[in-house]
Each structure stands twice: as C-alpha cells, then as structure tokens.
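The values are calculated or read from the model by the stated rules, or taken from the named source; none is laboratory data. None of these values were measured; they are calculated from a predicted model. Here the Cβ positions follow ideal geometry from the backbone for every residue, glycine too, while neighbour counts run over all protein chains shown. When the accessible area is computed, the model is the full protein with side chains, heavy atoms only, and any ligands, DNA or RNA have been set aside. Shrake-Rupley method; radii C 1.70, N 1.55, O 1.52, S 1.80 Å.
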Amino acid sequence: MDFVKFFKNRRSSQETLLNSINRDKIPQHVAIIMDGNGRWAQKRGLPRYAGHKAGVEALKDIVKACIELNIKILSVFAFSTENWKRPKEEVSILMDLLTKYLASEKDDLHKNGVKINCIGSLDKLPESAQNEIAKAYVLTKDNQKLILNIALNYGGRLEIIEAAKKLAVNICEGRMKIDEITEEIFSSFLFTNGQPDPDLLIRPSGEMRLSNFYLWQTAYTELYVSSVLWPDFRKNNLLEAIIDYQNRDRRFGGIKK
Ligand code: IPE
Ligand code: IPE
Ligand code: MG
C-alpha cells in the first residue's frame, strides 16, 4: 500500500470534515459507549484482550480530538455493573489496562488541562485501580479544559437507586422535605452532579441500546450509532458524528423554531 497516499487522503478527508463543522454548535458534552473491542479482535483472529488494548489507543485519540474541538465534557463508558459477568481473566485484564492508562497518561492529561473524573461504584474495584483513580483525581481536579468522566463499575439503575437512598437519608434525618425534590435536586445526587446532560451519545459497533449507561442523563440526548468498532474509532469518526448532530432538530418537546 502507498502509505504517503493513504495519509494524504486521510488528511484531506479530515480537512473536508473540519470545514463542514459549525464551530458555534459544538456539543458541550459528548458521551461514548466504548463498544466492539471483542469483535475487533475476533475479526483479526486475536484474543479479546488485544481488542481492549487497541481500544485504549482509540480513547487517547478521541480525548485529544475533544480538546482540539473545545468539547467541555467527554464521558466514556469503560466498565458496566454487568461486565462482572465476563470471565475473571477478561475482567482482570480490563482493570489492569485501566490502571495502566491512568498511571501512564495522567501527567500528559494534566498538562493538557484535563480533569480525570472516574464515576461509578469505585469502592468495588481492585485496590490498585482505586489508588490510581485517586491519584489521577487529586492531580487533575482543578483542570477546566475538558472533564473526562470515566464510567467504571457504572450502572444507570444503580446510580438512580443510590441517589434515591441518599435523598431518603436526607429526608429521614430532617434535612430535606419530600416536596423539595425537583429534577435539579435529584440530578445533583447522581455521579454527574452539576454537569450538563450529554448533548450527543455515540455508540460504536452498531449496537442500538444504552446497556444501562446514563439512563437519567440521556432524556434529551441525541443518539448516534456508528458501525465502526471502538478500536478503529478516530477523530474523523467523531467529526462525522458531530456533523450529524449539528443537523438534528432538537425540540425538547417543543415545536420547530
Ligand atoms: C467493550 O467491548 C469493552 C467493554 C465492555 C469493557 P466489548 O468487549 O464489549 O466488545 P464486543 O461487544 O464483545 O465486540
Ligand atoms: C456496554 O457494552 C458497556 C461498555 C462498553 C463498558 P457491553 O458490551 O457490555 O454491552 P451489551 O452487553 O452488548 O449490551
Ligand atoms: Mg460489547
């Protein structure tokens, strides 16, 4: 293959995509279900972990692209409360990859103004992962260029139940009245407390379901399903998703302006 030609073509297609983007309508919050690693590996006759490893490279590229595009929040679904059903070895490889990603990338992410915010039932994760999560958080907590929410042992239903429990405690202990519970108050008890809901949710690998991700937060999120498997997902695919999003008519229950 002529590599020079390949990279030239890729550059020119990226230029075309960048020219089609409306800089005034960049989604503030993009969420991604990082799916398709296993199928990517299977297609190449490789073990599943090779797909997970390649998925980390896609994550690095997409974080960089989000910074360049001035996206303010990127949420990535990395491990669901249901993913514990997988073989022990696969779970431990996933935990290991995540721990290594945080350890090796946190300094660079910090330099680029990224706040690393892991969300989910983090206390159930292996101790080594919890330590890296805490270190990355402490190092980057004041950064404002991009918030990177990494959903780990995250489940949308679990998150809602946890919020309901915390509200119940507040009511039982007299700090709050039932009538004071509004959508805004309820949202503030979720892991995404204080953040705007995602404008755009991308699911690579062609699957058309939420798989228990951001059940509350996606009430009015624009959904985009890509057939590209996550390890192959790059800036150009993100640009395509954003262009599609920019052509949507977001009515929020109202009528077309
Ligand atoms: C996503 O890829 C990674 C996690 C769920 C942790 P998968 O491992 O689900 O890949 P497929 O869906 O089997 O291709
Ligand atoms: C969703 O992918 C979870 C993550 C990407 C972390 P799954 O592969 O677990 O989802 P299902 O099982 O296809 O719904
Ligand atoms: Mg999957």
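By the helix-only formula, in which each DSSP H run with n ≥ 4 contributes -39500 (n - 2.57) and the sum is divided by residues, the chain has a 222 nm mean residue ellipticity of -15500 deg cm²/dmol. A cut-off of 5 Å between modelled amide H atoms, ignoring neighbours fewer than 5 places along the same chain, links VAL225 with ARG203.
State the extension gain, in nm to one decimal, for the chain segment bounded by VAL91 and ARG234, taking 0.36 nm per residue of separation less the distance between their alpha-carbons.
Values: separation 143, 0.36 × 143 = 51.48 nm, distance 2.49 nm.
Using 0.36 nm per residue and subtracting the Cα-Cα distance, I get 49.0 nm.
Residues MET95, MET176, sorted by accessible area with the largest first, give MET176, MET95 [1.4 Å probe; ligands and nucleic acids excluded].
Mean separation of Cα pairs under 8 Å and 6 or more residues apart, divided by the residue count, gives the range 162-257 a relative contact order of 22 percent.
Rank-order 37-50, 141-154 by packing density, defined as the average count of other C-beta atoms within 10 Å over each peptide's residues, highest first.
On the way: 37-50: 16.7, 141-154: 19.4.
Ranking the peptides 37-50, 141-154 by packing returns 141-154, 37-50.
Given a 1.4 angstrom probe, I'd like the percentage of the accessible area of the chain that is carbon and sulfur, rounded to a whole number. All intermediate terms of the calculation are to be shown ahead of the outcome.
Details: 7390 of 14230 Å².
Carbon plus sulfur share of accessible area: 52 percent.
How far, in nm, would the chain grow between LYS5 and ILE255 when pulled straight, counting 0.36 nm per residue and subtracting the alpha carbon separation?
85.3 nm
Partners of LYS115 within straight-line reach, counting lysines whose Cα lies under 24 Å from its Cα and excluding those fewer than 8 residues away in the same chain: LYS25, LYS53, LYS60, LYS64, LYS72, LYS100, LYS106, LYS124, LYS135, LYS141, LYS145, LYS235. Which shape class applies to the chain: rounded if a/c is under 1.5, otherwise prolate when a/b exceeds b/c and oblate if not, where a ≥ b ≥ c are the square roots of the Cα gyration tensor eigenvalues? Judged from the Cα gyration tensor, the chain comes out oblate (a/c at least 1.5, b/c at or above a/b).
Using the scaling law 2.2 N^0.38 Å as the reference, what is the normalised Cα Rg of the range 1-141?
Values: Rg = 17.2 Å, N = 141, 2.2 N^0.38 = 14.4 Å.
My calculation over the Cα atoms of the range 1-141 gives 1.19.
A full extension of the chain between ASN112 and GLU184 corresponds to an added length of 22.8 nm, given 0.36 nm per residue minus the alpha carbon distance. Comparing LYS72, LYS100, LYS111 in a Gaussian network model of the chain where C-alpha atoms under 10 Å apart are linked, the largest mean-square fluctuation is found at LYS111.
At a probe radius of 1.4 angstrom, the accessible area of the chain per residue rounds to 55 square angstrom. What the Cβ-Cβ distance of ASN131 and TYR220 gives, at R0 = 41 Å and to the nearest 0.05, is a FRET efficiency of 0.65.
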